[in-house]
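Taking it in order: structure first as structure tokens, then the write-up.
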Amino acid sequence: MPTVVMRHKVGDFDTWMTGHSDRVEIFSQFGTSFQTFQDTDDPNSIVLVAEVTDMAKMQEVLGDPEVMQKVAIEKHTVILPVVVSMPVAV
């Protein structure tokens, strides 16, 4: 199960935080858990660290315009791009 890191900015942190239950519902479709981080020098810069069980489903869900446009961008003030980082084998 890979750990995936997602970074993005939001227009308003308080608005974004009210959408936590939406993120729980969305992330539960492809993972077991996620953690939320906020940059100490920029309160509108967010990092999510997710334990992903189904990478194909993650790509499908996060590629869905309904999820990204209606929920993330319009409702939660997410500012694109969302940068996704994958683990590197060392």
> Do we have VAL24 as among the β-branched types (Val, Ile, Thr), modelled with pLDDT of 95 or more, surrounded by 11 or more Cβ atoms within 10 Å (Cβ to Cβ) and in a helix (DSSP H, G or I) here?
Replying inline: yes
>> Being over 17 Å from GLN69 (Cα atoms), touching a residue at least 24 places away in the same chain (Cβ under 8 Å), loosely packed, with under 15 Cβ neighbours inside 10 Å and of a type in the set (Ser, Thr, Tyr) narrows it down to one residue among THR36, THR32; which is it?
In response: THR32
>> I need the full set of residues from segment 72-90 which are in contact with a helix residue (DSSP H, G or I) (Cβ under 9 Å, 6 or more places away or on another chain), surrounded by 15 or more Cβ atoms within 10 Å (Cβ to Cβ) and assigned to a helix (DSSP H, G or I), in order please.
In response: ALA72
>> Just to be sure I understand, how many residues within segment 41-71 are part of a helix (DSSP H, G or I), out of contact with any Pro (no Cβ under 8 Å at 6 or more places or on another chain) and under 16 Å from MET1 (Cα atoms)?
In response: 4
>> Every residue in segment 1-29 that is out of contact with any strand residue (DSSP E or B) (no Cβ under 9 Å at 6 or more places or on another chain) and touching a residue at least 60 places away in the same chain (Cβ under 8 Å), please.
In response: ASP12, THR15
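The values are calculated or read from the model by the stated rules, or taken from the named source; none is laboratory data. Bear in mind that the values here come from a model prediction, so they are computed numbers and not experimental data. A quick note on method: Cβ atoms are made from the backbone with ideal geometry, for glycine too, and the neighbour counts reach across all protein chains shown.
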